[in-house]
Amino acid sequence: MSASRWPSHLWLVRHGQSAGNVARDAAHAEGLARIPLDSRDVDVPLSPLGERQADALGRWFAGAEERPEVMLASPYVRAMNTARLFRAAGGCDPDEPICCDERLREKEFGILDGLTTAGIHETLPDQAEFRRLLGKFYHRPPGGESWCDVILRLRSVLDTVSLHYAGRRVMIVAHQVVVLCLRYIIENLDEAQILAIDREGDVANCSITEYRFDPSSGRDGNLVLTRYNVTAPVEAADVPVTDEPEPPVAVRG
């Protein structure tokens, strides 16, 4: 990709803590097989704490020298609401539209959706075994996606970004797996490298991963990682930081 096609800045943000994160934690603590939610994953909202995290992130960017000029978000309610609260707090221009892009959606878990790790081992032991053998990068549950599937759709997102937003400051609000898979693509990582990053720790809610275009990097210039999983904006507002993990088999992240 030529130098003229990259944005000048690219921020990747995971949505604020969701009601699904809270329900999932409670289900694991009680040893339940299924997370007690009565809505589709796409409709799960932010928790009250998640709303505070999104507001804190927006207020931090409001005081920054550089703010996003383009806002892209997953269509999931928790991601769109994070972007809206970010904008309302001054994180970007109040008239800036939030472009909803379904390719940024959460990884789909198919028949595993809503199950806790214990519930998968109890009700679908064959899938637990497939996951153990294949690993999270390649395991695709029936009706769901592997990390490779997510990466495939995200490659087209970056093609869109390069085509329409060259030289601009772009923010993407999405999910933990999306942040990691975008790192995989942008930094040209392999399976072992991205899984090693994943093992180091979870992507915190409303954390910042930032790339800046460096014309001296590579033959034609590249996006270069300047910070990863930074929670300073949330901490600066004295709002609790959360880093809800991706469970070993299934998660709503």
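If you check Asp202, Asp238 for being among the charged types (D, E, K, R) and over 26 Å from Ile35 (Cβ atoms), only one passes: Asp238. Which residue pairs have Cβ atoms under 7 Å apart, sit 6 or more places apart or on different chains, and have a first residue in the range 232-247 that is open to solvent by less than 20 Å² (accessible area, probe 1.4 Å) and of a type in the set (A, V, I, L, M) and a second that is modelled with pLDDT of 85 or more and assigned to a loop (DSSP other than H, G, I, E, B)? Listed by first residue and then by second, the contacts come to Val234/Cys206; Val234/Val241. Number of residues in the range 142-165 that are touching a strand residue (DSSP E or B) at 6+ places or on another chain (Cβ under 6 Å) and assigned to a loop (DSSP other than H, G, I, E, B): the value is 1. Total residues in the range 79-91 satisfying the condition of being in contact with a helix residue (DSSP H, G or I) (Cβ under 7 Å, 6 or more places away or on another chain) and open to solvent by less than 30 Å² (accessible area, probe 1.4 Å): the figure is 5.
Taken together, the criteria exclude Leu104 from residues that are farther than 23 Å from Ala79 by Cα and either within 14 Å of the chain's Cα centre (by Cα) or open to solvent by 40 Å² or more (accessible area, probe 1.4 Å) (or both). Given Leu57, Leu10, which one is touching a residue at least 40 places away in the same chain (Cβ under 8 Å), outside any helix (DSSP H, G or I), open to solvent by less than 20 Å² (accessible area, probe 1.4 Å) and within 25 Å of Ala236 (Cα to Cα)? Step by step, each of Leu57, Leu10 is checked, and only Leu10 is touching a residue at least 40 places away in the same chain (Cβ under 8 Å), outside any helix (DSSP H, G or I), open to solvent by less than 20 Å² (accessible area, probe 1.4 Å) and within 25 Å of Ala236 (Cα to Cα). Among residues of the range 122-136 that are touching a residue at least 24 places away in the same chain (Cβ under 8 Å), those with a beta-carbon under 9 Å from a residue that is among the acidic types (Asp, Glu) and surrounded by fewer than 17 Cβ atoms within 10 Å (Cβ to Cβ) at least six positions away or on a different chain give the pairs Gly135/Glu191.
For every residue, the table says whether it meets (1) open to solvent by 40 Å² or more (accessible area, probe 1.4 Å); (2) more than 18 Å from the chain's Cα centre (by Cα); (3) at pLDDT below 95.
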{"residue": "Ala118", "(1), (2), (3)": "yes, yes, yes"}
{"residue": "Gln127", "(1), (2), (3)": "no, yes, yes"}
{"residue": "Glu145", "(1), (2), (3)": "no, no, no"}
{"residue": "Met171", "(1), (2), (3)": "no, no, no"}
{"residue": "Ile208", "(1), (2), (3)": "no, no, no"}
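Could you list, in sequence order, all residues of the range 195-219 that are closer than 14 Å to Pro233 by Cβ and either in a loop (DSSP other than H, G, I, E, B) or without any contact (Cβ under 8 Å) to a residue 40 or more places away in the chain (or both)? Ala204, Asn205, Cys206, Ser207 - these are the residues of the range 195-219 that are closer than 14 Å to Pro233 by Cβ and either in a loop (DSSP other than H, G, I, E, B) or without any contact (Cβ under 8 Å) to a residue 40 or more places away in the chain (or both). Of all residues in the range 44-54, how many are in contact (Cβ under 8 Å) with a residue 24 or more places away in the chain and open to solvent by 60 Å² or more (accessible area, probe 1.4 Å)? Counting residues in the range 44-54 that are in contact (Cβ under 8 Å) with a residue 24 or more places away in the chain and open to solvent by 60 Å² or more (accessible area, probe 1.4 Å) gives 2. Arg67 meets the conditions (1) at pLDDT 95 or above; (2) open to solvent by 40 Å² or more (accessible area, probe 1.4 Å); (3) part of a helix (DSSP H, G or I) in every case but one. The failed one is (3). Considering the range 36-51, the residues that are in a helix (DSSP H, G or I) and in contact with a strand residue (DSSP E or B) (Cβ under 9 Å, 6 or more places away or on another chain) include one that is farthest from Leu154 (Cα to Cα), namely Gly50. Checking each residue in the range 166-192 for being touching a Lys or Arg at 6+ places or on another chain (Cβ under 9 Å) and assigned to a helix (DSSP H, G or I) picks out Gln176, Val177, Val178, Val179, Cys181, Ile185. Every listed requirement among (1) within 25 Å of Val70 (Cβ to Cβ); (2) open to solvent by 40 Å² or more (accessible area, probe 1.4 Å) is met by Glu191 save one, (1).
The values are calculated or read from the model by the stated rules, or taken from the named source; none is laboratory data. Treat the numbers as computed from the prediction; the structure is a model and nothing was measured. Positions of Cβ are generated from backbone atoms using ideal geometry, with glycine treated the same way; all protein chains shown enter the neighbour counts. Just the protein is used for accessible areas: all its heavy atoms, side chains included, with ligands, DNA and RNA removed. Shrake-Rupley method; radii C 1.70, N 1.55, O 1.52, S 1.80 Å.
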